[in-house]
Amino acid sequence: MKKYSSKINKIRSFALSLIFIGFVVMYGGIFFKSNPWLVLVFMSLGLLCIFASTAVYVWIGMLSTKAVVIECPSCGKHTKMLGRVDMCMYCNEALTLDRELEGKEFDEAYNKRART
Ligand SMILES: [Zn+2]
């Protein structure tokens, strides 16, 4: 079975990994010290990753304001969900806002499928 996690958590870890990639790329520039142009290219690529991650963080902030806060039936904590189906941020319990989908097996495709 595929492992799902909350969308907000997923985007957050993506932003975090972008920061790490940015630093690794900038650090990689050190190995090309003899060529200042390559160092410059690596530095700007690294900075670009870090800027991209900042942008993703801003995006999460905007998404969070639109997310619905609900109480998780499984762990009782308040979690935010996006779309028709999502996961609890704390215990990965499948959550849905749609009565039709209640009790059905969790499938992220429900978010993409248009309402009929
Ligand atoms: Zn929960």
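Just for segment 62-71: of the residues that are more than 15 Å from Asn111 (Cβ to Cβ) and of a type outside the set (Ser, Thr, Tyr), which one is farthest from the ligand (Cβ to nearest atom)?
Looking only at segment 62-71, we keep the residues that are more than 15 Å from Asn111 (Cβ to Cβ), and these are 62, 64-65, 69-71.
Applying the additional criterion that residues be of a type outside the set (Ser, Thr, Tyr) yields 62, 69-71.
Details: Met62: 24, Val69: 13, Ile70: 10, Glu71: 9 Å.
The extreme case among them is Met62.
Identify, from the list Leu40, Leu16, the residue that is outside the structural domain of Arg84 (by TED's automatic domain parsing) and more than 30 Å from Leu97 (Cβ to Cβ).
Values: Leu16 fails: more than 30 Å from Leu97 (Cβ to Cβ).
Exactly one residue qualifies, and that residue is Leu40.
Surrounded by 12 or more Cβ atoms within 10 Å (Cβ to Cβ), farther than 21 Å from Ser17 by Cα, free of Cβ contacts under 8 Å to residues at least 40 places away in the same chain and not aromatic (Phe, Trp, Tyr) - does that describe any residue in segment 42-50?
no
Mind checking whether some residue in segment 92-109 is modelled with pLDDT of 90 or more and either under 15 Å from the mean Cα position of the chain (by Cα) or hydroxyl-bearing (Ser, Thr, Tyr) (or both)?
Step one: list which residues in segment 92-109 are modelled with pLDDT of 90 or more, which gives none.
Within segment 92-109 (the criterion being modelled with pLDDT of 90 or more and either under 15 Å from the mean Cα position of the chain (by Cα) or hydroxyl-bearing (Ser, Thr, Tyr) (or both)), the answer is no, since none of the residues qualifies.
Exactly one of these conditions fails for Met89: (1) within 16 Å of the ligand (Cβ to nearest atom); (2) without any contact (Cβ under 8 Å) to a residue 40 or more places away in the chain. Give me its number.
Here Met89 clears every test but (2).
Give the residues of segment 72-86 that are more than 13 Å from Lys10 (Cβ to Cβ) and more than 11 Å from the ligand (Cβ to nearest atom), sorted by residue number. Step through it out loud before you land on a result.
Let us first name the residues in segment 72-86 that are more than 13 Å from Lys10 (Cβ to Cβ), namely 72-79, 84-85.
Answer for segment 72-86, where residues must be more than 13 Å from Lys10 (Cβ to Cβ) and more than 11 Å from the ligand (Cβ to nearest atom): Arg84, Val85.
Give the residues of segment 92-112 that are away from the ligand (no atom under 11 Å from the Cβ), over 12 Å from Lys7 (Cβ atoms) and not charged (D, E, K, R), sorted by residue number.
First, pick out the residues of segment 92-112 that are away from the ligand (no atom under 11 Å from the Cβ): 96-112.
Going one step further and asking which of them are over 12 Å from Lys7 (Cβ atoms), we end up with 96-107, 109-110, 112.
Within segment 92-112, Thr96, Leu97, Leu101, Gly103, Phe106, Ala109, Tyr110 meet the criteria.
Could you please give the count of residues in segment 51-77 that are assigned to a helix (DSSP H, G or I) and either under 30 Å from Gly29 (Cα atoms) or touching a residue at least 40 places away in the same chain (Cβ under 8 Å) (or both)?
Initial filter on segment 51-77 (assigned to a helix (DSSP H, G or I)): 51-66.
Of the ones still in play, those that are also either under 30 Å from Gly29 (Cα atoms) or touching a residue at least 40 places away in the same chain (Cβ under 8 Å) (or both) are 51-60, 63-64.
Selection size over segment 51-77: 12.
The values are calculated or read from the model by the stated rules, or taken from the named source; none is laboratory data. Because the structure is predicted, anything quoted here is derived from the model rather than measured. Neighbour counts run over all protein chains shown; Cβ positions are idealised from the backbone, glycine included.
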